[in-house]
Amino acid sequence: MKNIRKLTVVTGHYGSGKTNFSVNLALDIAASGNRCTIIDLDIVNPYFRTADFGELFKEHDIELLNPVYANTNLDIPSLNIPLQSILQSGSYVVIDVGGDDEGAKALGRFAPTIREFDDTEILYVINKYRYLTKDPEDTAVLMREIQYSAGLLCTGIVNNSSLGTETVTQTVRDSLGYADEVSVKAGLPIRATCAVADAMPDEAPEPYIIHRYVRTLWDNQ
Amino acid sequence: MAEKSLMKGNEALAEAALRAGCKCFFGYPITPQTEIAAYLSKRMPKVGGVFLQAESEVAAINMVYGCAGSGIRCMTSSSSPGISLKSEGISYIAGADLPCVIIDVMRGGPGLGGIQPSQADYYQITKGVGHGDYNIIVLAPSTVQEMADSVTKAFDLADKYRMPAVVLADGLLGQMMEPVAFDDAEIVMSDASKKPWAANGHGNKREHNIINSLYLQAPELEKTIKVRYERYAEIEKNETMAVADYCDDAEIVVVAYGSTARLAKSAVDEARKLGIKAGAFRPVTLYPFPKNELNEAVKNAKKVLVVEMSMGQMVDDVKLAINCSRPVEFYGRTGGVIPAPAEILAKIKEMGGEK
C-alpha cells in the first residue's frame, strides 16, 4: 500500500478481514525497515485474533500489544496501552479494532490521542461477500455507526472483498463496482483493493497484494 | 442457489433459522456462540420475528417450552455451561412432546472451563441432556454450509417427530468463516396450521389442547414413554446420516465428527499420499448414531481410531456400534486444545499404518 501513515487504525464489519489486513500491513511496514507496533484492540472476537500471530511478529521485530482478555482468565478486557508514548517514540502503529460499532467502542478511549496526532489514517475495511454488508448503502450506514461509536471519522476505504479460500480473480472483480459505490456514498477514497497475488484483477484501483495469514488447521498450506 | 456469502458459522446458524421460519428466538449470551444472538437481534425485527434476550439460560429454555407449545417454530442457543442450565427445560420439552431447535456451540469444561473449542459434551448432548427416559435428535455439521443446512433439517425433524433437535457445533465451527449459499426463497414465518396438537387457542371449536409432562399414574407414564420409544425406533431406522471417505479398502478407519472430522480427514489424506490404507468416517447424526453405516465402513478394517476434542466419549458409542468386532483406539486433545492433523497422522502410523 502506498503512503502508509505513522498511525493506521483499521475498522470495519465483523469478519471483513481487518485482522488479516492489519497483519499484512504491519509486516510490510517492518519489511521496509521501519519500527512497527501492532495493537490488537479487538474486545469482541475470542478467536482468530491478531494476538494469535505473536511468533510471526517476533520474527519480524514487530511489537504486539494486546488487551488482557481473550484466552486469559478475564471476562472484561483491560486496555492498558500507552498509545501516546508509543507514537512519540516514532514507531509506526497499526491498530486492529474489533468488528462493528460494538468493537469500535474500545477506540473511544484513545480517540483524543488519535485526533491530536497529525499523521493518521482511519481505514474502513469492506467485504462485499459478508452477508450483512452486501448492499453499499448498508455498508456506508455501518461506517457511520462505527464513527459515532469511536468518536473518530474514517479517512479511506479498503476493499477487502473475499470468499476466503474460494476467492478467485472474478470474485475480486465483481466487488469493484460495489467498492466504488461505497466510496461515493461515504465520500472517501479507495485506499486499497486487497487480493492474494493470483486473484488481483488488472483493473483494480490501488492494488494491494496480501497473504492469507488467518486460516484454519485444515487449510492447504 | 443464490450467490455465495462469507459467513461465520454462528451467523449461518442464525440466518438458516430465520429461513426455516423460526419466528421466535430466546437466548442468553455466552462465548463462543454470542454471534447467533447478536445476529438475530439485528435480523429478527426486519423479518417480523421475535428476538428476546432472556434474564438467564433457564428462562430462555422455558420461553422455548411455552412458544413450542403454541406450535410456532422457535429456537435457543448456548454453549456448554449454558446447556447444563437448560437441561431441566429440555427434559420438560421432551416430556411434553414438543418440537424445538437448540444450538450448542461447545467450549471447554467442566465448570466455566474455557472459551476455546471442545467436544467434551458428547455424553451430555447425545444422552438427552436432562433427566428421564428420552432422546433428542443431534446433528453434527462440519462446515459452515452444512451448519446452515443442519438447522433446516433440525426444524423439519423436530416437527416430524415432535421432539427437540440439537445442532451440535464447537467454538471452532462457530467462529470460523466460510462461503455459504442460501436459496432465494422468501422468508415465511411458521405458524401452527399443521400442528393440531398446538395450544394456540381453541376458539370454542375444539377441545382444549393441553401441554404437560406430569403423569402421576405410573402405568400411564410408562405407556406414554413406551409410545415415545416407538418413535425413537423409527428415527433410529430412518434418520441416520454419515459420510465415509476411502473406507472401502481401508485398514484403519478414523472416526470423528464436527470440526475434528475435518482435521481427521486432512490426516487421512496425508496418510493416503504415504500409501497408508486409511479411511475417514464421519457420523453426521450423533443421535441416532449411524451404526449400520459404521459397520459397513469398517468391514475391511483391521483397526478403528476415534479422534475427539475430549478425553474420549464417542469412542464408547463406536465400540457399541461395531460390537467391539475390532480394536478401537482413541486420540484426543481437550480443554480447548485442537488436535493437529500431524498428531492424528502420527497416531495412524503408530497403529501400524506405517508402510
So which residues in segment B:321-342 are within 14 Å of chain A (Cβ to nearest Cβ), buried (at least 17 other Cβ atoms within 10 Å of the Cβ) and not β-branched (V, I, T)?
-> B:R333, B:G336, B:P339, B:P341
For B:D248, state whether it is within 14 Å of chain A (Cβ to nearest Cβ), surrounded by fewer than 17 Cβ atoms within 10 Å (Cβ to Cβ) and touching a residue at least 24 places away in the same chain (Cβ under 8 Å).
-> no
So, of the residues in segment A:190-220 that are acidic (D, E) and away from every other protein chain (no Cβ under 14 Å), which turns out to be surrounded by the most Cβ atoms within 10 Å (Cβ to Cβ)?
-> A:E206
Return the pairs, sorted by first residue and then second, in which the second residue is basic (K, R) and outside any loop (DSSP other than H, G, I, E, B), the first residue lies in segment B:292-312 and is under 23 Å from B:Q124 (Cβ atoms) and assigned by TED's automatic domain parsing to the domain that holds B:I344, the beta carbons are less than 9 Å apart, and the residues are 6+ apart or on different chains.
-> B:V306/B:K319; B:V307/B:K347
Please work out which one of (1) within 14 Å of another protein chain (Cβ to nearest Cβ); (2) outside any loop (DSSP other than H, G, I, E, B); (3) more than 24 Å from B:P117 (Cβ to Cβ) is the condition B:A2 fails and give its number.
-> (2)
Residues of segment A:1-55 being away from chain B (no Cβ under 14 Å) and of a type in the set (G, A, S), in sequence order, are A:S22, A:A26, A:A30, A:A31, A:S32, A:G33, A:G54
Can you spot a residue in segment B:19-29 that is under 23 Å from B:G128 (Cβ atoms), within 14 Å of chain A (Cβ to nearest Cβ), in contact (Cβ under 8 Å) with a residue 12 or more places away in the chain and not in a loop (DSSP other than H, G, I, E, B)?
-> no
Helices (runs of 4 or more DSSP H) enclosed by segment B:88-200 - at least 2 residues per element that are within 14 Å of chain A (Cβ to nearest Cβ) = B:144-161, B:171-175
Matching option when the condition is surrounded by fewer than 23 Cβ atoms within 10 Å (Cβ to Cβ), within 17 Å of B:I30 (Cβ to Cβ), touching a Ser or Thr at 6+ places or on another chain (Cβ under 6 Å) and not basic (K, R), among B:I103, B:I115 | B:I115
Give just the number: which of (1) among the β-branched types (V, I, T); (2) surrounded by fewer than 24 Cβ atoms within 10 Å (Cβ to Cβ); (3) within 15 Å of the chain's Cα centre (by Cα) does A:I86 not satisfy?
-> (3)
What do you reckon, is B:A59 part of a helix (DSSP H, G or I), more than 21 Å from the chain's Cα centre (by Cα) and modelled with pLDDT of 95 or more?
-> yes
Say whether the condition of being within 17 Å of B:T143 (Cβ to Cβ) and either in contact with a strand residue (DSSP E or B) (Cβ under 7 Å, 6 or more places away or on another chain) or part of a helix (DSSP H, G or I) (or both) is met by at least one residue in segment B:217-231.
-> no
Could you grab me the full set of residues in segment B:61-73 that are touching a Lys or Arg at 6+ places or on another chain (Cβ under 7 Å) and hydrophobic (A, V, I, L, M, F, W, C)?
-> B:I61, B:I72
Restricting attention to segment A:177-189, does a residue exist that is buried (at least 23 other Cβ atoms within 10 Å of the Cβ), closer than 27 Å to A:I29 by Cβ, in contact with a strand residue (DSSP E or B) (Cβ under 9 Å, 6 or more places away or on another chain) and within 14 Å of chain B (Cβ to nearest Cβ)?
-> no
Using beta carbons and a limit of 6 Å, which pairs, at least six apart or on different chains, have the first residue in segment A:169-198 and touching a residue at least 24 places away in the same chain (Cβ under 8 Å) and in a helix (DSSP H, G or I) and the second one of a type outside the set (A, V, I, L, M, F, W, C) and surrounded by fewer than 23 Cβ atoms within 10 Å (Cβ to Cβ)?
-> A:T169/A:P201; A:V172/A:P201; A:R173/A:P201; A:Y178/A:P136; A:E181/A:P136; A:V182/A:P136; A:K185/A:P136
For segment B:5-18, enumerate the residues that are under 25 Å from B:L112 (Cα atoms) and more than 8 Å from chain A (Cβ to nearest Cβ).
-> B:G9, B:N10, B:L13, B:A14
Test: residue in segment B:311-319 that is over 19 Å from the mean Cα position of the chain (by Cα) and in a helix (DSSP H, G or I) | yes
For segment A:127-142, enumerate the residues that are farther than 20 Å from A:A195 by Cα and either within 11 Å of another protein chain (Cβ to nearest Cβ) or surrounded by 20 or more Cβ atoms within 10 Å (Cβ to Cβ) (or both).
-> A:L132, A:D138, A:A140, A:L142
Out of the residues in segment B:185-244 that are closer than 30 Å to B:E3 by Cβ and hydrophobic (A, V, I, L, M, F, W, C), state the one that is surrounded by the most Cβ atoms within 10 Å (Cβ to Cβ).
-> B:V243
Residue selected from segment A:145-172 under the condition touching a Gly at 6+ places or on another chain (Cβ under 7 Å) and within 14 Å of chain B (Cβ to nearest Cβ), by the criterion surrounded by the fewest Cβ atoms within 10 Å (Cβ to Cβ) | A:S162
Where residues in segment B:30-50 are surrounded by fewer than 20 Cβ atoms within 10 Å (Cβ to Cβ) and in contact (Cβ under 8 Å) with a residue 60 or more places away in the chain, which of them is farthest from B:Q175 (Cα to Cα)?
-> B:G48
From the options B:V318, B:V304, residue that is of a type in the set (V, I, T), touching a Lys or Arg at 6+ places or on another chain (Cβ under 7 Å) and surrounded by 22 or more Cβ atoms within 10 Å (Cβ to Cβ) | B:V304
Among residues belonging to segment A:103-126 that are surrounded by 21 or more Cβ atoms within 10 Å (Cβ to Cβ) and not hydrophobic (A, V, I, L, M, F, W, C), point out the one that is farthest from the other protein chains (Cβ to nearest Cβ).
-> A:Y124
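The values are calculated or read from the model by the stated rules, or taken from the named source; none is laboratory data. Note that the structure is predicted; figures quoted are calculated from it, not measured. A quick note on method: Cβ atoms are made from the backbone with ideal geometry, for glycine too, and the neighbour counts reach across all protein chains shown.
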